[in-house]
1. Report, by residue number, each residue of the range 32-51 that is in a helix (DSSP H, G or I), free of Cβ contacts under 8 Å to residues at least 60 places away in the same chain, more than 20 Å from residue 241 (Cβ to Cβ) and not polar (S, T, N, Q).
2. Could you check the range 56-72 and list, in sequence order, the residues that are in a helix (DSSP H, G or I) and either at pLDDT 95 or above or surrounded by 16 or more Cβ atoms within 10 Å (Cβ to Cβ) (or both)?
3. Collect the residues in the range 84-96 that are of a type in the set (A, V, I, L, M) and either in contact with a Pro (Cβ under 9 Å, 6 or more places away or on another chain) or over 20 Å from residue 239 (Cα atoms) (or both), keeping them in residue-number order.
4. Among the residues of the range 151-187, how many are touching a strand residue (DSSP E or B) at 6+ places or on another chain (Cβ under 8 Å), closer than 18 Å to residue 217 by Cβ and surrounded by fewer than 19 Cβ atoms within 10 Å (Cβ to Cβ)?
5. Confirm whether residue 126 is at pLDDT 95 or above, among the basic types (Lys, Arg), over 13 Å from the mean Cα position of the chain (by Cα) and within 29 Å of residue 209 (Cβ to Cβ).
6. Out of the range 97-130, which residues are open to solvent by less than 60 Å² (accessible area, probe 1.4 Å) and either in a helix (DSSP H, G or I) or of a type in the set (Asp, Glu) (or both)?
7. Take residue 25 and tell me if it is in contact with a helix residue (DSSP H, G or I) (Cβ under 6 Å, 6 or more places away or on another chain) and either at pLDDT 95 or above or open to solvent by less than 50 Å² (accessible area, probe 1.4 Å) (or both).
8. Search the range 109-124 for residues that are farther than 16 Å from residue 188 by Cα and pair each with any residue that is modelled with pLDDT of 95 or more when their beta-carbon atoms are under 6 Å apart and the residues are at least 6 apart or on different chains.
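The values are calculated or read from the model by the stated rules, or taken from the named source; none is laboratory data. Fair warning: this is a prediction, and the values are worked out from it, not measured in the lab. Note that each Cβ is placed from the backbone with ideal geometry, even for glycine, and that neighbours are counted across all protein chains shown. Side chains included, ligands, DNA and RNA excluded: accessible areas come from the protein's heavy atoms. Shrake-Rupley method; radii C 1.70, N 1.55, O 1.52, S 1.80 Å.
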Amino acid sequence: MLFRSTARGEGGLTVYSSINEQEALPLWKIFQDRTGIAVYYVRASDTQLLSRIAIEGRARQRSWDITVSTASLKIPAEVTIAVELPEAKFINAEARGAGGRWHGVYAHYNAPAYNTKEVRPEDLPKTFEEFAGKTQWKGRVAIDSVDGTWLSGVVTHYGEEKGRKIVGDLVKNLSPVLVDGHLQLARAVSSGEYLVALSNYISLTLNLKLSGAPTDYFATDVTPLFFGAVAVSAQAPHPATAKLAANFLLGVDAQEFSKKAGRLPVRPDVTPNPPDAITRLGSSKVIPVPTSAEEERKWQRVFQEIFRPR
């Protein structure tokens, strides 16, 4: 999609992103109005973005300036460039990628969700070991069909042997249903189609709760975390503008805007909605999850082996 305004300055900015236009375009309109720089916005799925970037890279095309997506963490290191951004010192430390090759823009905390009409708070498990014993929920539990990220965090927390055993027990005892898409999963739990989700983005659960749906998240002993991030192309057509835009996304105004769109901020000085969205995790161990393309492929293979055994 092409989004441009009359540019008062020189140059432009090409953004590759997986964020829907209804959310993204008003934010980039703010950037354009402040800087006079035209913005060209191209939206696609993470998979499509990575494929497009790879193809254009092989053709040595200088096509994009920044990406804003969870795909930003999976782009090969040689394709992006390390940048120092003034606003980066204000974001959470775990949201700063190694070497400055990416910076988190919004946070995906992964925690179980439940239907508040069907499940009592006092019946919620406090650990995944306890979760595996909730056999009364068998067949009424669900998880996203490609949630290797969650699996990675759980195994990292418990250790390889124990982690795999716990997840294996969850599958054996609860027969979780695989649902295509985190948003669909959140809606299915809030509608009562499933009682509980083994894991989902807490932002999606809370957005439905804020809209009046009977759903909420609950904390266990481990909370995997990863980010939607901004990365700057090593071959950016407009490198100075790319850094300016990346820094803009980390600023208070952009973070407040994203919060209103239902995302969780990466700045401690921006209060999430609701204010206790993150602090309710309590003593749960937050595990930042590696999300390189190689790591993602590895954990997705393991996920399929456990959840879809042949």
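1. 46, the sole residue that qualifies.
2. 56, 57, 70, 71, 72
3. Matches in the range 84-96: 91, 93, 95.
4. Here the count works out to 1.
5. So residue 126 fits the description; yes.
6. Across the range 97-130, the qualifying residues are 100, 123, 128.
7. no
8. Listed pairs, sorted by first residue: 109/202; 109/223; 109/225; 110/150; 110/199; 110/224; 124/218.
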